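Some notes on the structure that comes next.
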Amino acid sequence: MSYVKAVYEAVKRVLKLVLLFAVIAGTFSYAMFQGGFVSWFLFYTVATILTVMLLYLAIPLGGLEMSRSTGQEAAVAGSKLTVDVKIKRKWPFPFLYLVVEDVMDEGLKKQLGNTPKIIYYPTIKKELTFSYTIPKLKRGEYAFYGIRVETSDMFGLFKKERYVKAKGELLVYPDHYHIEGWDAYERHDTETRMSTSDFVEDMTSVAGAREYVPGDKLTSIDWKVSARTNKLMTKEFEEYIGQNFLVMLNEQVFDTKADTLESFEKAVELVTSIVMYSQQKQLDYGLWTMGEGVVRFPLDRGSDHQQMIVHHLAKVKASRYGHFEARLKEADDQIPQGASLIIVTTQITDELLERVNVLTGRRVQVYVCLTVTTSDRSRWEEKRFYELKRQGAVTYMVKEGHFFDSLETDEGERYETIS
């Protein structure tokens, strides 16, 4: 297909040249036969114009040197980015016009609202520059591909175009809130760390037994008590409460509407805020992002651990595919012992209620954070919030970057929200 197109363009250019020579031959013949000032003036005028057009055709655009500078390879969501594009010419031959376009991915184009381009009119300057600004960057990974220039003669018969690869990458990290305090953390601040020997001893001491909950390990079943009570019973070990937080981000969304995607961005900002706060308090924290796939960062601390997590959060994307609850069910036996679980999601489903019920039944401390873009809540959300609270989870609603208000349900239960 490209070969046919190339042949077509070559034939079209030859026909245009034939047309030019036909015009010159026609005006020359007219001047020779007609004579007089007007006919010769017409010939010389046409000849001059066509000569300039041929010069446009002869001057190569390969003499242009093009480059782009952003001054940075990473930024934070909400910040401003200024891009400078520079064109250098070897010959100051005046062009009729020169269109310069910076080629980038669609994500950046949408933020600009249009394609960044400029038109230069006749000039003999050897160096041309233009700048454009993205006033408020959005989180994500973006790419610059190259710079395209285009020009033509005054009649548009001969258009010339050149594309120069000028690859560049921009990683925009998620913004985050400053958390001054949170009961979830303050609860752990009062605890002291166990030594390794104390921890092992505590994990092997049985505190009692409770009724079996789906998801419990079979090795934890107390068969003697089960035989005595005529129902399956699970051994309960002494609970180890350490300063460990495992954050789970639900990448699955119901749809890709603007409000839904905005809620997901709020979810990413919240997770980043929790990571920053945990790092500040020198707590062990981990992150699991689950949707189409699963990415896990184990419980740890330190600047390298923080950097890896935030780098991943800059690239994570919402998806209508995948199944968060199924992923959670597959991996719930891998949740570290004694870690508090913080689930950040844009939706609450019946399957999520079921998984939270199983986790709280196993004495896992669960916090559920629902991110929204409006304070209006449906009866459906109210009901599920109340159900989560009844199951023993702590529920929060996050909107507009404000934190920790208290709302009351029709049933009289009060629960905290991040609002």
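The values are calculated or read from the model by the stated rules, or taken from the named source; none is laboratory data. Just so you know, these numbers come straight off a predicted model, no measurement behind them. Here the Cβ is made from the backbone with ideal geometry for all residues, glycine too, and neighbour counts use every protein chain on show. Surface accessibility is based on the protein's heavy atoms, side chains included, excluding ligands, DNA and RNA. Shrake-Rupley method; radii C 1.70, N 1.55, O 1.52, S 1.80 Å.
Annotations for the structure displayed:
- Condition check for Gly286: farther than 25 Å from Tyr142 by Cα, outside any helix (DSSP H, G or I) and in contact with a Lys or Arg (Cβ under 9 Å, 6 or more places away or on another chain): yes
- Residue under evaluation Thr234, criteria (1) touching an Asp or Glu at 6+ places or on another chain (Cβ under 6 Å); (2) within 26 Å of Arg379 (Cα to Cα); (3) assigned to a strand (DSSP E or B), criterion not met: (2)
- From the list Leu96, Leu137, the lone residue that is out of contact with any Lys or Arg (no Cβ under 7 Å at 6 or more places or on another chain), assigned to a loop (DSSP other than H, G, I, E, B) and in contact (Cβ under 8 Å) with a residue 60 or more places away in the chain is Leu137.
- Condition broken by Thr48, with the remaining ones in (1) assigned to a helix (DSSP H, G or I); (2) surrounded by 11 or more Cβ atoms within 10 Å (Cβ to Cβ); (3) at pLDDT 80 or above; (4) not hydrophobic (A, V, I, L, M, F, W, C) satisfied: (2)
- Qualifying residue in region 320-335 (condition: β-branched (Val, Ile, Thr), within 25 Å of Ala77 (Cα to Cα) and touching a residue at least 12 places away in the same chain (Cβ under 8 Å)): no
Residues are listed down the side, and each one gets a yes or a no for (1) assigned to a loop (DSSP other than H, G, I, E, B); (2) touching a Lys or Arg at 6+ places or on another chain (Cβ under 6 Å); (3) modelled with pLDDT of 70 or more:
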position	(1), (2), (3)
Glu141	no, yes, yes
Val149	no, yes, yes
Ala184	no, no, no
His188	no, no, no
Ser226	no, no, yes
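- Once region 156-172 is narrowed to residues that are open to solvent by less than 60 Å² (accessible area, probe 1.4 Å) and in contact with a helix residue (DSSP H, G or I) (Cβ under 6 Å, 6 or more places away or on another chain), the residue that is modelled with the highest pLDDT is Leu171.
- Unmet criterion (only one of (1) among the small types (Gly, Ala, Ser); (2) open to solvent by 30 Å² or more (accessible area, probe 1.4 Å); (3) at pLDDT 85 or above) for Ala393: (2)
- Odd one out for Ser319 among (1) crowded, with 21+ Cβ neighbours inside 10 Å; (2) over 28 Å from Glu180 (Cα atoms): (1)
- Which numbered condition Leu270 misses (of (1) under 27 Å from Gly107 (Cα atoms); (2) open to solvent by 20 Å² or more (accessible area, probe 1.4 Å); (3) in contact (Cβ under 8 Å) with a residue 60 or more places away in the chain; (4) touching a strand residue (DSSP E or B) at 6+ places or on another chain (Cβ under 7 Å)): (2)
- Which numbered condition Val18 misses (of (1) modelled with pLDDT under 85; (2) assigned to a loop (DSSP other than H, G, I, E, B)): (2)
- Condition check for Asp153: crowded, with 16+ Cβ neighbours inside 10 Å, acidic (Asp, Glu), over 30 Å from Lys315 (Cα atoms) and more than 16 Å from the chain's Cα centre (by Cα): yes
- Selection status of Val344, crowded, with 20+ Cβ neighbours inside 10 Å, under 22 Å from the mean Cα position of the chain (by Cα) and not in a loop (DSSP other than H, G, I, E, B): yes
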